[in-house]
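Report on the structure given below.
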Amino acid sequence: MAYHHDVSRRLARFVTRMRDKVADDICVARIERYLERSAQDDDGRPAVACCEENLLIGRAVAGMEPLTRAILILVVARKMSVAQVSRRFGMSEERVCRHFRLAIEMVAEQGRLGLSPCGSSDR
């Protein structure tokens with residue numbers, strides 16, 4: 001019986017490590033397919049209203065890697081938890097958290113710069 005538990009534990013660790021081996025491109029493709037399907041279900045309504053503050057966020061988002069951007073959209077706009085993103089797209093929670101933290105840092109950095117939508121620093 002002890003052998004069974006040992007094998008189960010090793011198999012769980014192996015599966016966790018293999019989840020992080022999936023290429024970013026594959027994860028991005030899965031997320032984009034999900035977002036396209038969910039956008040069709042929403043009848044094409046925009047997820048976020050447009051305003052001046054969103055232009056600053058948009059600049060930060062435009063500079064992100066595709067996977068980081070996709071995870072930010074899932075967590076913020078689609079209101080999915082990190083655990084939900086991890087399970088649905090076959091990534092470890094650590095990987096999802098790492099990309100989400102990076103996205104938040106990039107948006108916060110853009111906000112600290114205090115740039116107005118026109119590019120000047122006076123608000």
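The numbers here are math on the coordinates, done by the rules we state, and not lab data. Fair warning: this is a prediction, and the values are worked out from it, not measured in the lab.
Data for the structure
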{"item": "Reduced Cα scattering model of region 68-112, Debye log10 I(q)/I(0), q = 0.14, 0.32 Å⁻¹", "result": "-0.29, -1.16"}
{"item": "Difference of contour (0.36 nm per residue) and Cα-Cα distance, E94 to F14", "result": "27.3 nm"}
